[in-house]
1. If the chain between LEU562 and LYS332 were fully stretched, how many nm would it gain, using 0.36 nm times the residue separation less the Cα-Cα distance?
2. So, with +1 on the Cβ of K and R and -1 on the Cβ of D and E, and no other charges, what is the size of the charge dipole of the chain about its Cα centre, to the nearest 20 debye?
3. For LYS515, give me every one of the aspartates and glutamates with a C-alpha distance below 17 angstrom, ignoring sequence neighbours fewer than eight places off in its own chain.
4. Show the residues, 5+ positions off or on another chain, whose built amide H is closer than 5 Å to the amide H of GLY408.
5. Given the -39500 (n - 2.57) contribution per DSSP H run of 4+ residues, what per-residue ellipticity at 222 nm results for the chain, rounded to the nearest 500 deg cm²/dmol?
6. From the phi of every residue in the stretch 201-208, what ³J(HN,Hα) in whole Hz does the Karplus formula 6.51 cos²θ - 1.76 cosθ + 1.60 yield, where θ is phi - 60° and glycine or proline is x?
7. From the phi of every residue in the stretch 704-709, what ³J(HN,Hα) in whole Hz does the Karplus formula 6.51 cos²θ - 1.76 cosθ + 1.60 yield, where θ is phi - 60° and glycine or proline is x?
8. Going by C-beta contacts inside 10 Å, put MET715, MET86, MET10 in order with the fewest on the left.
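Derivation of every value follows stated rules applied to the coordinates shown; laboratory data play no part. What you see is a predicted model, and the numbers here were worked out from it, not measured in a lab. Don't worry about glycine lacking a Cβ; one is built from the backbone with ideal geometry, like all the others, and counts go over all protein chains shown.
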Amino acid sequence: MDIQQIISEMTLEEKASLCSGASFWDTVAVERLDVSSITVADGPHGLRRQRDDADHLGIAQSVPATCFPTGCATACSFDEELLAEMGKAIAAECIAEDVSIVLGPGANIKRSPLCGRNFEYFSEDPYLSTKMAAAHIKGVQSTGVGTSLKHYVANNQETLRLCISAEVDERTLREIYLASFEGAVKEAQPTTVMCAYNKVNGEYASENEYLLTQILRDEWGFNGFVVSDWGAVNDRVKGLAAGLELEMPTSDGVNDALIVEAVNAGKLDESVLDQAVARLLKVIFDTQITAAQKAKYPLDLDKHDEKARQIATECAVLLKNEDALLPIASNKKVAFIGEFFEKPRYQGGGSSHINPYKITPAKAFISMFPNAAYAQGFSIDEDKTDEKLLASAIELAQNSDLCVIFAGLPDRHESEGFDRKHMRLPDNQNQLIEEISQAQPNCVVVLHNGSPVEMPWIHSVKSVLEAYLGGQATGAAVMDVLGGTVNPSGKLAETFPLRLEDNPSYINFPGDRDKVEYREGVFVGYRYYEKKEIPVLFSFGHGLSYTSFEYSELTVDRAEALDTDCVTVAVNIKNTGSRAGKEIMQLYVAPKSNTVVRPLKELKGFKKVTLNPGEEKTVTFSLDKRSFAFYDADLKDWRVESGIYGILIGASSQDIRLEKDITVNPAIPYKRPITVNSPVAEAMAHPKVAAFLNKLRESVPNPPHLDENNPMADMFAAMANELPLRSSAMFFGRMITQADLDEVMK
Ligand code: BGC
């Protein structure tokens, strides 16, 4: 298709009409020029294709599809291949339904455990989040189906999400919130990016030229189109000029007319519209569903259910396992307790709500344990304890070898569209776990939740398995892990704080009516807890296995590097237990001689390794400039400070097994500009300034307070070092005049 030719044949009205949807889910067709429409539908963890009534809140029904594990779960796999496989399977369902673009993945950072939509997002860490997002995109797009990386950017809460302004300083935006999108854009080139509802630093994300054009396109090289979140458009003409190509859903022609009017009035250059149309047409042509795709990716929902189960097993995180209570031998008398055992919570509410083609609750597999029994224990629909249910659950627990309590957050506590009010489980569940653990010493808790919960009972239970919202096959996957047919290998993609009050965003979440200030800066998640030495319940990267691993032989290929070098790190890992298992090895970089305020360490690499008992493998990581850099807001660029950096290899952020230092220097030495406001000590480090000032100093006797015989001379010298050059004139008893300063500045 010759896109430029088509554009030249289009009327102004036709071009404007392409810039908003034809309906809730379809783009506009221009039949006379053979431009057909495409259909988009929600993801991210499955297909929500609505044929009849349409909505963006998960209210009306959608066609049956596979509900795969949600983002909060899949991130715990730390497995890019797995994410790609899942993306491919979702795409096959899109192809069968003639859906060209599946909306997702969501790469927003988990700033607070309270964000109602955390279940859709990956992590508190931008490196992990962006890698997972990139893998998901690559998997989907390998089939020719498009994606929409969302919600760009700083949409980290549901409260007032359509109008609040996220106030984020430049360095924080770059290092945390944008970084979570950046890698995915650069590495996987999503077909579309969905702009967020909210404002960022006072300007709507949907009309923010800095974000949509300068950063996304000019810096990162994005070449798809930007689509608005559903209803995110504020000023359509401003948005178009800023880089928002497609408004969704349809504006019923209202905003298209404004675009036409703006062009006719000379307020919008027609070339801006042409460029938007060119970007739209390219994706529309590229993502048409073809017969060839249908033949290549035939739909097999049963296979996808199997895949959903396998993925869910890779995501479950074994948080605690005292006395190796898990796995459970099949002859044990197990008391399964909690309504989630028969009604698992496997997905979240809102636009990602899938109509699963099949659901397998854990209860369907109870026969794995012939001596097991089930008691409901509590009702999912309320927070109040039902004494009768509780009493019979306690009785069952007392008469069993061990009990497994299925607890979690019901939809009414956690969903798109609103934020959580607190970080607790419903009271009836906490009471049940507490009381049962008093009656039965061998307690396992299985959790179904989309983000961290407080665990006041943690010391009275022996095991905790975090199953998150693991998709339609979560019940089967949990039973696989409980029974030991699968060895758990997931690790937490977020910190579980002990209390909500410990979370860095606590004071500034969800902000006031107009603004939410990200005052914790770059100190999000573990970056904060570690810096402040705040004990946590479970740390970022934590997760146990039924086997054990030994880390050894850390080598870094050089002791000194320039920031332009690629540093190779190698380390050995051995399975020292008696079962096959998988270990997620994490590499953190710890700046050790920094002058800039930085987190103690940051994740810069991870690898998931499969090992048979006794097997040993060597794993390598590559580090580049970004692994050591921070974002220098004055310089408007990434910068590496000269100095020592620790290369830390760990089984979690708090379980560092091996460590080696490396010295890294910038290839182009950084020189801070000297001004009259530079402190004396810093200015004196500049050879020309030092020579000039020393010459002056020699020409004038030292003022009495700086005389070397004065016992306080050192103190005064230290004070002098902190003074800006401009005040040194006064301090040095006019030894340095304004004229001298002007001279040295020149
Ligand atoms: C959500 C998006 C979703 C869209 C369409 C919005 O409310 O924020 O994530 O893709 O609706 O349903």
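1. Details: separation 230, 0.36 × 230 = 82.80 nm, distance 5.90 nm.
Length difference between fully extended and current span is 76.9 nm.
2. Using only the charged Cβ atoms, the result is roughly 1320 debye.
3. List returned: GLU158, GLU167, ASP169, GLU170, GLU203, ASP419.
4. Distant-sequence amide H within range of GLY408: HIS448.
5. Calculated at 222 nm, the ellipticity per residue is -8000 deg cm²/dmol.
6. 6, x, 10, 3, 4, 6, 9, 9
7. Result, rounded to whole Hz: x, 6, 9, 4, 5, 7.
8. Ranking MET715, MET86, MET10 by Cβ neighbours within 10 Å, fewest first, gives MET715, MET10, MET86.
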